[in-house]
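Down below is the structure, laid out as structure tokens.
The values are calculated or read from the model by the stated rules, or taken from the named source; none is laboratory data. Just so we're clear, the structure is a prediction, and the values are computed from it rather than from any experiment. Every residue, glycine among them, receives a Cβ derived from its backbone with ideal geometry; neighbour counts consider all protein chains shown. Quick note on the areas: whole protein, heavy atoms, side chains included, nothing else; ligands and nucleic acids left out. Shrake-Rupley method; radii C 1.70, N 1.55, O 1.52, S 1.80 Å.
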Amino acid sequence: MCGIVGYLGNKDAMPILLEGLHRLEYRGYDSSGIATLDGKKLSILKAPGRISNLEELIAKKNLQGHVGISHTRWATHGEVTYQNAHPHLDASGRLALVHNGVIENYAKLRDQLEKEGHTFHSQTDSEVLAHLIGRAFDLLEEKSEQTLITALQDALRRVDGTYGIALVHTEVPELVIGARRGSPLVLGIGKEEHFLASDVSALVMHTRDVVYLNDYEIVALRPDSFTISNLQGDGRPYNITTLDGLAHDMDKGAYPHYMIKEIFEQAHTVHEAMRGRLSLEEATAKLGGLEMSNAQLRDIERIVLSGCGSAMHAAMVGEYLLESLAQIPTECEFASEFRYRNLPMTKDTLVFVLSQSGETADTLAALRESQRKGHRTLGICNNVASTIARESNGGVYMHAGAEIGVAATKSFTSQVTILTLIALLLGRIRHLSSSEGTKIIHQLETLPEKIEEVLRLHEEIEAIARRYASARVMLFMGRQFNYPIALEGALKLKEVSYIAASGYPSAELKHGVIALVNEETPSIFIAPHDAVFSKNISSIQEVKARRGPVIALGTEGHCAELESICDHVITIPSTPDYLTPILATIPLQFFAYYTALALGCDVDKPRNLAKSVTVE
Ligand code: G6P
């Protein structure tokens, strides 16, 4: 959700800023721009569309300077135009700013500034911020690093909303300033150089030493030093975090897209989600990161799971898992709704927030609201040291490696795996016997191998996907554990191929959705050989009776009936009902990927989406 990069040091800023933008492009790719300072000379280039458009401009006019900021945009205020692209200038044209977030009172501030004679060139809230800071600086007599920071503090006190910003000013050319409230920002520490970025992926090629900024903090970068202070100007002690292993993860390797690379990683990532966390001796899962004793875990009366997008679908699988394996009443709530609802939560309600990035604004808001109400709130995150991971009271890391494809794939199966471990742990503290726990562990241990089998189906699924790629509407049906998988399959298809896809509990078909069924509307049924298999068969019959093409996911050894009525049957290995979601998701990910490919869609950068949504 908008990517920011800042640089100041002994090298040319432009290539570093541009490379950082490529790394952050998954946060938004509506437009991009760069500003560099060469002494007091400020140069700006920006372009709507992909970063390649900006590169074309740079090829014609190289940007000089060892100091600069850059931005890749996901539009919130104002269309995708040259004027609305960042960096934005203040009224004097000497301050350039890039912004991620939403300034909620921008209209009022803009009115006030216009009355004072300010002219705005864009429709963005960000330009208002640039003017506000520039104005505060212009009012101060002395032009120094300190007065620019003071001006920023003054301006930010007038602002409602969220921001991660980076700015430069021609009056203090050896300085880049960043500030954060609600939108992530991280400082990279190099040798005689410093970096600023929305996330570490833009820094790992240059440094492993980073400092994560907290809300209401300002960082001032100079070539050989930096300072971190709050809005009142007080400095704070900081911890330098040393990053590990990310550079390799960000490589696409031999794969044409991140999405397909990440789909193929799932045997490994599901294994990583379980590694060291299963104890055959105690027939349970060991999740030290929860930081709760067995006595505390036993006292839990209720669980609330919250997340957005695919994370919400994983949470919905979690609801089935926790209720059936641990028999704890569980509720899922969209993170975006959580803080605006007054969900009845008893004293002993435990809250989990799920987020691959650990930066999703809605999920972070749900975490904070839950903590404000005094509930222990745990995170299930992939990005180590992300804001959600840092602010939660404990949690479980996915260890899935960087997920770059905008459509979540491996993070989803990792989340479901972790929720299964949590259900096992809580079940074993309550009513699950040791032999039942052992059985679950043995089943979990076979998952990576079974995932490998599912991954071998890619060519078969590609052929089916190509055949139906021209459909305008597709339906995804599943029941019980696999109802959320129907939602996830439909979401994947919508996200990357733009086909109108909807997921439903299979039996809901007859209550309305069936009106969409005809020869041109394919239905995908997730129909493993589980407790509701025969019910799914009845629903498939209802579709076939109306000549709707049906693609079914069935269980090896139990597909004869499906084969007799469906147009295509994709066979997944046999596994207990509660583990079918993990195996059933993968064919649907392939289906979405190959459909998008057949339609010529930009799989890793789907229209209008961003990987990490850091605005509310
Ligand atoms: C965005 C992405 C989705 C993702 C959701 C939650 O909307 O496009 O693919 O599932 O955010 O992301 P998170 O990082 O919190 O898991």
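Take the chain with all the other protein chains still there, run a 1.4 Å probe, and you get 37 Å² of accessible area per residue.
Think of segment 518-616 as a dipole: +1 on every Lys or Arg Cβ, -1 on every Asp or Glu Cβ, centred on the Cα centre; then among Ala592, Ala560, Ile524, Ala592 lies furthest on the positive end. Placing R0 at 45 angstrom, the Cβ-Cβ distance between Asp602 and Glu192 gives a FRET efficiency of 0.70 after rounding to 0.05.
Count the net charge of all other residues whose Cβ sits under 10 Å from the Cβ of Glu25, scoring Lys and Arg as +1 and Asp and Glu as -1. Present the calculation step by step, with values, prior to reporting the outcome.
On the way: positive: Arg23, Arg27, Arg50, Lys605, Lys611; negative: Asp604.
Net of charged neighbours comes to +4.
Dipole orientation for segment 346-479: of the candidates Val353, Ile380, Leu475, Val353 has the Cα lying most toward the positive pole (charges on Cβ; Lys, Arg +1; Asp, Glu -1). If only the Cβ of Lys and Arg carry +1 and only the Cβ of Asp and Glu carry -1, the dipole of segment 3-249 around its Cα centre is close to 260 debye. Dimensions of segment 3-249 along the principal axes, based on C-alpha atoms and rounded to the nearest Å, stand at 51, 41, 32, largest first. Only protein atoms count toward the accessible area here, which uses a 1.4 Å probe; on segment 456-601, the carbon and sulfur part of that area reaches 46 percent.
Direction-averaged shadow area of the convex hull around the Cα atoms of segment 456-601, nm²? Please list the in-between numbers first.
Details: hull surface 29.3 nm².
Computed as one quarter of the Cα hull surface, the answer is 7.3 nm².
Relative to the longest principal axis of the Cα atoms of the chain, the long axis of helix 533-544 lies at roughly 80 degrees. Starting from one equal scatterer on each C-alpha and no solvent at all, send me the Debye-based log10 I(q)/I(0) for the chain at q = 0.07 Å⁻¹, two decimals. After summing over all Cα pairs, the log10 values are -0.46.
Computed from Cα atoms, the angle from the helix 13-24 axis to the main principal axis of the chain rounds to 20 degrees. Note on the chain: antiparallel DSSP beta bridges, both residues inside, total approximately 60 percent of the bridges counted.
With q set to 0.13, 0.21, 0.23 Å⁻¹, the log10 of I(q)/I(0) for segment 234-336, from the Debye formula over equal scatterers at the Cα positions, is -0.81, -1.23, -1.28.
Find which of His169, Ile582, Gln266 sits farthest along the positive direction of the dipole of the chain, computed with +1 on the beta-carbon of Lys and Arg, -1 on that of Asp and Glu, about the Cα centre. Working it through, the farthest residue towards the positive pole turns out to be His169.
Computed from the C-beta positions of Thr81 and Asn230, the FRET efficiency with R₀ = 30 Å rounds to 0.25.
Sequence-distant contacts, meaning Cα pairs under 8 Å at least 6 residues apart, place the relative contact order of the chain at 12 percent.
Taking the longest Cα principal axis of the chain as reference, the axis of helix 458-468 is set at about 90 degrees.
The chymotrypsin sites (Phe, Trp or Tyr not before Pro) found in segment 17-104 that occupy coil by DSSP, while having at most 14 further C-beta atoms within 10 Å, are Tyr82.
Counting other Cβ atoms within 10 Å of each Cβ, which trypsin sites (Lys or Arg not before Pro) in segment 36-136 have at most 13 and sit in a DSSP loop?
Numbers: sites: Lys40, Lys41, Lys46, Arg50, Lys60, Lys61, Arg73, Arg94, Lys108, Arg110, Lys115, Arg135; in loops: Lys40, Arg50, Lys61, Arg94.
Sites meeting the loop and neighbour criteria: Lys40, Lys61.
Can you compute the charge dipole magnitude of the chain about its Cα centre, using +1 on each Lys and Arg Cβ and -1 on each Asp and Glu Cβ, nothing else charged? Give it in debye, rounded to the nearest 20.
Details: 59 positive and 76 negative charges, 112 e Å.
The calculation lands at about 540 debye.
Filter the trypsin sites (Lys or Arg not before Pro) in segment 471-541 to those in DSSP coil with at most 12 other Cβ atoms within 10 Å of their Cβ, and list the result.
Values: sites: Arg472, Arg479, Lys492, Lys494, Lys510, Lys535; in loops: Arg472, Arg479.
In loop regions of segment 471-541 (DSSP not H, G, I, E or B), the sparsely surrounded trypsin sites (Lys or Arg not before Pro) are Arg472.
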